[in-house]
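Read the structure below first, then the notes.
The values are calculated or read from the model by the stated rules, or taken from the named source; none is laboratory data. If you're wondering where the values come from, they're calculated on a predicted model, not measured in any experiment. We place every Cβ from the backbone using ideal geometry, glycine too, and count neighbours over all the protein chains shown. Calculation scope for accessible area: heavy atoms of the full protein, side chains included, ligands and nucleic acids excluded. Shrake-Rupley method; radii C 1.70, N 1.55, O 1.52, S 1.80 Å.
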Amino acid sequence: MSWEAIAAVRAREYPDPADAVFLNTASWGLVPRSSIREAAGLLRARNRADGFEERELGGMQRRCRSAVARLLGVAAEEIALAPNTSYGVNLAVALVSAGPPGTVVLSEGEFPANVFPWKILEERGFTVDIVPSDDLGRPREEALVEALDGPGVRALALSAVQFASGYRADLAALGAACRSRGVLFFVDAIQALGAVPLYPREAHIDVLAAGGQKWLCAPWGSGFAYVRRELQEAFDPPMVSWLAVKGGARFDDMLHYRMEWLESARRFELATLGIQDYLGLACSVEMLLEMNVAELEGYIHHLHEPLVDWITSRSDVQPVTPLEPRRRAGILSFMPRDLDSSISALTDLRAVFGVRQGAIRLAPHFYNTREEIERVVDALDRVG
């Protein structure tokens with residue numbers, strides 16, 4: 001897959017001229033035309049007597065689990081559809097809390113969604129060890145590994161890519177450190193999936209969660225959790241769904257009330273799911289797979305190049321995101337000399353971007369072009 005092919009998908013899925021320079025994928029991604037069409041089509045079909053057969057709804061959910069499983073290189077039986085990242089975090093918390101109290105290791109600077117569910121464990125006798133980050137709010141991986149050797153460590157919870165700094169963790173090294181110590185490794189992958197390849201089995205990840213609305217370019221309310229097959233029977237679902245048991249979807253025999261969990265991650269799914277949103281997620285993930293996420297990573301870094309060159313040429317600009325490619329995903333954050341003037345310059349350009357922890361956060365995706373990034377650099381450079 002070449003960048004010309006990426007451009008062809010961009011033209012197919014985003015045919016309308018952009019009315020702004022959209023650089024805010026770290027908050028929400030632009031939804032492709034095919035996802036909008038299929039999600040809206042299902043909603044319209046609900047109003048027709050012959051719009052669809054009920055059994056088709058299950059097929060749409062299977063399609064979504066299959067697409068996500070292909071993205072992660074895992075089995076579809078290890079995927080549970082969920083409305084957001086927080087649901088997957090809480091699954092990991094439930095798994096850890098099924099055992100005796102101990103310590104959970106976090107990094108300072110984590111997004112709150114990956115902190116609050118763990119802190120509630122303090123009420124149950126657990127300790128939450130928040131390891132200080134560096135001066136720019138980036139995790140100190142060596143310190144995290146050292147913390148794993150503390151007494152009674154049960155889990156390490158970390159974002160694959162930090163929301164503010166854009167720091168990309170070495171998941172394989174951290175996962176290996178956890179596995180060798182018998183520590184559960186949970187990963188919040190929402191700022192990574194769709195921008196860089198991520199394979200839980202290779203990184204020794206036990207539970208992973210992501211919402212679909214950012215780099216996966218899917219509707220709000222769509223997401224999923226990966227639960228390693230070997231761990232699925234280690235704890236009961238923290239919330240119980242009538243579709244999480246064997247025979248739950250047999251509408252001709254619904255009153256047996258037998259609590260026999262499904263033998264897959266579906267035991268953790270709630271009902272009723274926003275099927276139109278998961279249909280949109282399936283379409284969006286299939287689009288990304290068509291382009292190959294490894295190719296997308298290279299293209300995003302190609303988009304970063306003018307910004308990286310500008311940052312390194314300016315002594316009055318502080319990079320927050322590491323500039324070496326292996327430590328970057330899609331986010332590029334930096335602190336300019338004059339934050340307010342830089343914000344004004346980007347706003348005048350009709351750029352859509354974020355400001356996090358005192359830094360400008362730019363997050364381009366494959367629907368952006370190199371020319372757009374060069375215009376952004378010109379606007380920033382004029383600030384002086």
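Counting only the Cα atoms, the stretch 16-65 fills a convex hull of 111 Å³ per residue.
With N counted as the residues of the stretch 182-336, its alpha-carbon radius of gyration over 2.2 N^0.38 Å works out to 1.36. Taking every protein chain into account, the accessible area of the stretch 1-130 amounts to 49 square angstrom per residue (probe 1.4 Å). Restricting to bridges with both residues inside the stretch 112-224, how much of the DSSP beta-bridge set is antiparallel, in percent to the nearest 5? Counting DSSP beta bridges with both partners in the stretch 112-224, the antiparallel share is about 25 percent. Have a look at the DSSP beta bridges in the chain and tell me what percent are antiparallel, nearest 5. If we restrict to bridges inside the chain, about 50 percent are antiparallel. The chymotrypsin sites (Phe, Trp or Tyr not before Pro) found in the stretch 196-238 that occupy coil by DSSP, while having at most 15 further C-beta atoms within 10 Å, are 220. This model, with +1 at the C-beta of Lys and Arg and -1 at the C-beta of Asp and Glu, gives the chain a dipole about its Cα centre of some 640 debye.
Put simply, the amide H of residue 130, placed in the peptide plane, has neighbours under 5 Å in 106, leaving out anything fewer than 5 places away on its chain. Dividing the radius of gyration of the alpha carbons in the stretch 329-384 by their Kirkwood radius gives 0.93 for Rg/Rh. Based on the convex hull around the alpha carbon atoms, the stretch 246-314 presents an average projected area of 8.4 nm².
Residues whose amide H lies under 5 Å from that of residue 355, counting only those 5 or more places away or on a different chain, are 361; hydrogens are built 1.01 Å from N in the peptide plane. Only helices enter the 222 nm calculation for the chain: every DSSP H run of n ≥ 4 contributes -39,500 (n - 2.57), and dividing by all residues gives -11500 deg cm²/dmol, rounded to 500.
In terms of packing, defined here as the mean over residues of other Cβ atoms within 10 angstrom, the peptides 354-360, 104-110 line up highest first as 104-110, 354-360.
Taking 0.36 nm per residue of sequence separation and removing the Cα-Cα distance, the residue 289/residue 374 pair yields an extension gain of 27.8 nm.
Size estimate for the stretch 251-384 follows the Kirkwood approach: the inverse of mean 1/r over distinct Cα pairs works out to 18.1 Å.
Summed over the residues of the stretch 172-310 and divided among them, the accessible surface reaches 39 Å² per residue at a probe radius of 1.4 Å.
Scaled against the 2.2 N^0.38 Å expected of a compact globular protein of N residues, the Cα radius of gyration of the stretch 75-232 reads 0.95.
Charge dipole (Cα centre; +1 on Lys/Arg Cβ, -1 on Asp/Glu Cβ; no other charges) of the stretch 60-125 amounts to roughly 400 debye. Computed over the Cα atoms of the stretch 66-110, the ratio of the radius of gyration to the Kirkwood radius (Rg/Rh) comes to 1.06. For the chain, treating each Cα as an identical point scatterer without solvent, what Debye log10 I(q)/I(0) comes out at q = 0.07, 0.09, 0.13 1/Å? At q = 0.07, 0.09, 0.13 Å⁻¹ the computed log10 ratios are -0.33, -0.55, -1.08.
Distances between every pair of Cα atoms in the stretch 119-182, grouped in 5 Å steps from 0 to the bin holding the largest one, split as 3, 16, 26, 24, 19, 10, 2 percent. Each peptide in 166-177, 300-311, 12-23 gets a packing score, the mean of other Cβ atoms within 10 Å over its residues, and the list from highest to lowest is 166-177, 300-311, 12-23.
Expressed as a whole percent, the accessible surface of the chain that belongs to carbon and sulfur atoms is 50, based on a 1.4 Å probe. The equivalent ellipsoid of the stretch 1-152 has semi-axes of 39, 24, 15 Å, largest first, where each one is the square root of 5 times an eigenvalue of the Cα gyration tensor. Above 13 Å, the calculated P(r) of the stretch 242-285 contains 60 percent of its Cα-Cα pairs. Here the stretch 1-44 is treated as a Stokes sphere of Kirkwood radius computed over C-alpha pairs; at 20 °C and 1.002 mPa s its diffusion coefficient rounds to 177 µm²/s. You can think of it this way: the chain between residue 323 and residue 36 has 99.8 nm of extra reach, that is 0.36 nm per residue less the Cα-Cα gap. Among 139, 227, 183, whose Cα lies farthest out toward the positive end of the dipole of the chain, if unit charges sit on the beta carbon of Lys, Arg (+1) and Asp, Glu (-1)? About the Cα centre, the residue reaching furthest to the positive side is 227.
Loop-located trypsin sites (Lys or Arg not before Pro) in the stretch 248-303 (DSSP state not H, G, I, E or B) with no more than 16 neighbouring Cβ atoms inside 10 Å: 250, 258. State the answer as a single residue: which of 344, 40, 102 lies farthest towards the positive end of the charge dipole of the chain, with beta carbon charges of +1 for Lys and Arg and -1 for Asp and Glu, about the Cα centre. Most positive-ward Cα: 40. Of the GluC sites (Glu not before Pro) found in the stretch 197-269, those in coil by DSSP whose Cβ has at most 10 other Cβ atoms within 10 Å are 233.
Dividing the alpha-carbon radius of gyration of the stretch 178-253 by the rule-of-thumb value 2.2 N^0.38 Å gives 1.36.
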